[in-house]
Amino acid sequence: MTASDPTGTPAPPAPSAPRRVLLLLWAVTATAYALDLASKIAVVAGLEGRAPVHLIGDWLVLQVQRNSGAALSIGETTTIVFTLIATAVAVTVVRLSRRLASTPWAIALGLLLGGALGNLTDRLFRAPGNLQGAVVDFIAVNNFSVMNLADWSLTCGCALAVLLSFRNTPLSAAPAPAPAKP
């Protein structure tokens, strides 16, 4: 018997497990991307060109930097390589999503895709352009590195993916066993 609303209209069936997992992937991706984009817009508008804001002494500082390289400003002259890597990550995650059936993997891949898209947006649309835009970084942690929310998303997604790999958590559901032959 199917559930119905008070008017007697049958309720739509609940999404299948793979569909729910896929919706989770897209929700995590959209959230990570939106938070990164909104934070960069706010930081550029409110903090760029101003003195750093010390939130917790020198342990946590908001300090705007434009970074054409990767983490720790490595590879500043090869910006296009990072654009291509971010594109490859995005394409890979989208392709993997076709067989996704694991909630933890949906979260990990959603964080990776949201972070990759966040930094890819900067590479495509920020100066100097031509796939070589500088990423807006603004979270300085204990004079170690200046990052953004996309970087944090990528880091957390990678860490979760490594953990899931070590735990042998499957990305997709196991295929149904083949029927026995008579």
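The values are calculated or read from the model by the stated rules, or taken from the named source; none is laboratory data. The structure displayed is predicted, hence computed values, not measured ones. Positions of Cβ are generated from backbone atoms using ideal geometry, with glycine treated the same way; all protein chains shown enter the neighbour counts. Note: accessible area is taken over every heavy atom of the protein model, side chains too, but ligands, DNA and RNA are not part of it. Shrake-Rupley method; radii C 1.70, N 1.55, O 1.52, S 1.80 Å.
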With the requirement that a residue be among the aromatic types (Phe, Trp, Tyr) and open to solvent by less than 30 Å² (accessible area, probe 1.4 Å), what does the range 136-154 give you? Phe138
Which residue pairs have Cβ atoms closer than 9 Å, lie 6 or more positions apart in sequence or on different chains, and pair a first residue in the range 120-135 that is buried (at least 21 other Cβ atoms within 10 Å of the Cβ) with a second residue that is assigned to a loop (DSSP other than H, G, I, E, B) and of a type in the set (D, E, K, R)? Gly133/Arg126; Val135/Arg126
Would you mention how many residues in the range 60-97 are closer than 15 Å to Leu120 by Cα, in a helix (DSSP H, G or I) and modelled with pLDDT under 90? 11
Residues of the range 28-57 satisfying the condition of being surrounded by 12 or more Cβ atoms within 10 Å (Cβ to Cβ) and in a loop (DSSP other than H, G, I, E, B): Leu47, Glu48, Pro52
Kindly indicate whether any position in the range 102-118 is without any contact (Cβ under 8 Å) to a residue 24 or more places away in the chain and not small (Gly, Ala, Ser). no
Tell me, please, whether a residue that is more than 11 Å from Leu25 (Cα to Cα) and surrounded by 18 or more Cβ atoms within 10 Å (Cβ to Cβ) can be found in the range 100-116. yes
